[in-house]
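Input: a single structure, listed below in structure tokens.
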């Protein structure tokens, strides 16, 4: 054996014969922008769950009375609150846009590389545009 990895590449078939199997690629070799977008889709899903808890907190405070609403409203109007709400809005639109792309992929379309590259630009642009549009409407 030439290398310590050769031991890791040895395997057996179902009938017991020794075979050499490939090693899985490492993130440093295969990391590309589409993988980052996929991980971003998962992260935004988790961020939406946390943001939904804040939304429920707001709705419960709204139904509970003036003092409860005042405390939630105070928090959401701080710079941290605005940043969290802006991030939640961006996560919502990003997750939505990537979800639309996944629905298109489920139909068997846009699997070719040029379409994937085009769609990521559309997703990022739509996320930015829809987030800014949402905040412009909300602040007017």
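Throughout, read-outs are computed from the coordinates displayed, never taken from laboratory work. Note that the structure is predicted; figures quoted are calculated from it, not measured. Note: ideal-geometry Cβ built from the backbone for every residue, glycine included; neighbour counts use all protein chains shown.
Angle, helix 79-106 long axis vs. longest principal axis of the chain, Cα atoms, 0 to 90°, nearest 10? Rounded to the nearest ten degrees, it is 50. Return the label of the correct value of semi-axes √(5λ) of the Cα gyration tensor in Å, as calculated from the structure shown, out of (1) 45, 21, 14; (2) 32, 16, 14; (3) 31, 19, 12. Label of the calculated value: (1).
With respect to the chain, whose longest principal axis is taken over its alpha-carbon atoms, helix 66-76 is tilted by about 50°. Helix-only mean residue ellipticity at 222 nm, the chain, DSSP H runs n ≥ 4 weighted -39,500 (n - 2.57), per residue, nearest 500. What is it? Rounded to the nearest 500, the figure is -26000 deg cm²/dmol. Based on C-alpha pairs under 8 angstrom that are at least 6 apart in sequence, the chain has a relative contact order of 19 percent. For the chain, the longest principal axis of the Cα atoms and the long axis of helix 113-139 meet at an angle of about 10 degrees.
Here 100, 137 are placed in order of increasing Cβ neighbour count within 10 Å, fewest first, which gives 137, 100.
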